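Novice: First, the structure itself, so that you have it in front of you.
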Amino acid sequence: MKPTMPNRPEDTDGDDASAPVVVEHCSTLNEAQMVVSLLGSFGIEATIDSENYYRMLGSMVPGLSGIRVQVRQLDAEAALEILAEGQERSGMDGEDN
């Protein structure tokens, strides 16, 4: 059984809706895995782009844009809202306290 998110548009094209969209850039693999776990707890399937590459090389060769967490385009808006709310709660929104 697949979890579904409420308020999804029903008229989206299947190919475009399944296309991966980057929703977060992380500096470490552990951070990316926590983001995937957070999104999964809301029923959003997320993946780490090139996860095996980062597992093999660790932090020896960091990507220029960080480690990318991706979701289906259909889930991107909800994922971004969840991540924004999490950053606000943890004080990671770039403002000094």
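Novice: Search segment 1-34 for residues being farther than 13 Å from Ala76 by Cα and among the hydrophobic types (A, V, I, L, M, F, W, C), and hand back the single one that is modelled with the lowest pLDDT.
Specialist: Residue satisfying both the conditions and the ranking: Met1.
Novice: Still on this structure: Quick check, is Arg89 surrounded by fewer than 16 Cβ atoms within 10 Å (Cβ to Cβ), of a type in the set (Lys, Arg), at pLDDT below 90 and in contact with a Leu (Cβ under 7 Å, 6 or more places away or on another chain)?
Specialist: Taking the combined requirement at face value, the residue does not satisfy it.
The values are calculated or read from the model by the stated rules, or taken from the named source; none is laboratory data. As the structure is a prediction and not an experimental result, all values here were calculated from the model. Backbone-built Cβ (ideal geometry, glycine too); neighbour counts: all protein chains shown.
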